[in-house]
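The values are calculated or read from the model by the stated rules, or taken from the named source; none is laboratory data. Source: prediction; values computed, not measured. Positions of Cβ are backbone-derived with ideal geometry, glycine not excepted, and every protein chain shown enters the neighbour counts. For accessibility, only protein heavy atoms count, side chains too; no ligands or nucleic acids. Shrake-Rupley method; radii C 1.70, N 1.55, O 1.52, S 1.80 Å.
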Amino acid sequence: MKSVAPRCLLLHGFTGGGADWSSVFPEDPERLAIDLPGHLTGPDPTSDYLDVIRALLDRLPPSIDRVIGYSLGGRIALSLIQLAPERFRSAAIISAHPGLLDPALREQRRLADQSWIRLLRDQGIEAFVAAWEHQPLFQTQARLAPEILARQRAQRLSQRPEGLAGALERLGLGEMPGTWEALARYHGRLDWIVGGEDRRFQAIAHEVLAHRPATRLHILEDVGHNPLLEAPEHLRLCLERSTGPTRNAHRISIA
């Protein structure tokens with residue numbers, strides 16, 4: 001039987017893993033879901049942000065021409081596009097930030113990440129996970145079934161503290177070069193997806209839309225920051241719709 005080469009790269013969020021996408025998509029050889037650097041089986045990052053992205057780009061199968069990324073994975077997807085815009089014919093970015101341009105905000109984010117890094121290294125993974133899960137960003141997840149939250153917590157607890165600390169040090173938002181101009185120049189199809197209850201990232205999405213009007217914005221109603229966890233079926237439908245013909249910017253709400 002002829003093997004199928006992967007076409008679409010799936011990138012998970014911070015404290016997640018490639019298996020997170022199994023709730024959204026059935027197993028499919030055309031989709032490649034990897035563990036990002038510092039996570040589970042992913043190598044610990046040891047160089048600066050763009051060197052890590054270049055190394056990832058070099059390891060990708062040549063057949064990959066589409067990328068989908070959530071949160072940290074969305075930022076990495078944007079950086080892949082920044083380095084190799086002709087490589088990717090389309091991208092879908094979920095709950096992500098294109099990068100901080102204000103040096104003061106970048107330094108503020110670095111200091112915040114340093115607090116998480118110290119927690120990981122000084123108190124270990126259990127203390128870190130307990131604090132990480134109580135951020136306001138994730139408050140909409142409180143209404144999910146206990147077994148869903150338990151699976152997420154178990155995966156987080158299986159992470160290596162030093163791996164996550166390295167990911168924050170090397171791949172944190174404060175370390176990420178801005179991708180705004182690369183987005184404006186990108187000629188591929190770009191879909192941007194956010195939860196209807198994630199006000200902070202909705203505001204970022206509208207900035208992206210203003211900066212690049214050809215972007216297609218999708219709002220998942222009654223969903224918070226993590227659609228993979230909170231509404232996997234709605235996210236799958238949204239991503240399947242995003243494979244249609246490109247049009248000028250539209251704001252699409254999916255109930």
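Odds and ends about this structure:
- When restricted to residues that are touching a strand residue (DSSP E or B) at 6+ places or on another chain (Cβ under 8 Å) and either part of a helix (DSSP H, G or I) or open to solvent by 20 Å² or more (accessible area, probe 1.4 Å) (or both), the stretch 23-52 contains 5.
- Scanning the stretch 2-41 for residues that are in contact (Cβ under 8 Å) with a residue 60 or more places away in the chain and among the acidic types (Asp, Glu) turns up just one, ASP20.
- Neighbours by Cβ (under 9 Å, 6+ apart or cross-chain): first from the stretch 95-106, open to solvent by 70 Å² or more (accessible area, probe 1.4 Å); second among the aromatic types (Phe, Trp, Tyr): LEU101/TRP180
- Scanning the stretch 218-229 for residues that are open to solvent by 30 Å² or more (accessible area, probe 1.4 Å) and under 15 Å from the mean Cα position of the chain (by Cα) yields a single hit, LEU229.
- Verdict on PRO26 being more than 17 Å from GLN155 (Cα to Cα) and touching a Gly at 6+ places or on another chain (Cβ under 6 Å): no
- From the options GLY13, GLY69, residue that is outside any loop (DSSP other than H, G, I, E, B) and within 21 Å of LEU239 (Cα to Cα): GLY69
- Hey, VAL129 of a type in the set (Val, Ile, Thr), open to solvent by less than 50 Å² (accessible area, probe 1.4 Å), touching a residue at least 60 places away in the same chain (Cβ under 8 Å) and touching a Phe, Trp or Tyr at 6+ places or on another chain (Cβ under 8 Å) or not: no
- Members of the stretch 143-157 that are in contact with a Leu (Cβ under 8 Å, 6 or more places away or on another chain), part of a helix (DSSP H, G or I) and not polar (S, T, N, Q): ILE148
- When restricted to residues that are among the small types (Gly, Ala, Ser), within 24 Å of LEU235 (Cα to Cα) and surrounded by fewer than 16 Cβ atoms within 10 Å (Cβ to Cβ), the stretch 171-210 contains 2.
- Test: residue in the stretch 113-122 that is out of contact with any Cys (no Cβ under 7 Å at 6 or more places or on another chain), crowded, with 17+ Cβ neighbours inside 10 Å, assigned to a loop (DSSP other than H, G, I, E, B) and hydrophobic (A, V, I, L, M, F, W, C): no
- Residue selected from the stretch 143-159 under the condition touching a helix residue (DSSP H, G or I) at 6+ places or on another chain (Cβ under 8 Å) and open to solvent by 60 Å² or more (accessible area, probe 1.4 Å), by the criterion farthest from GLU197 (Cα to Cα): LEU157
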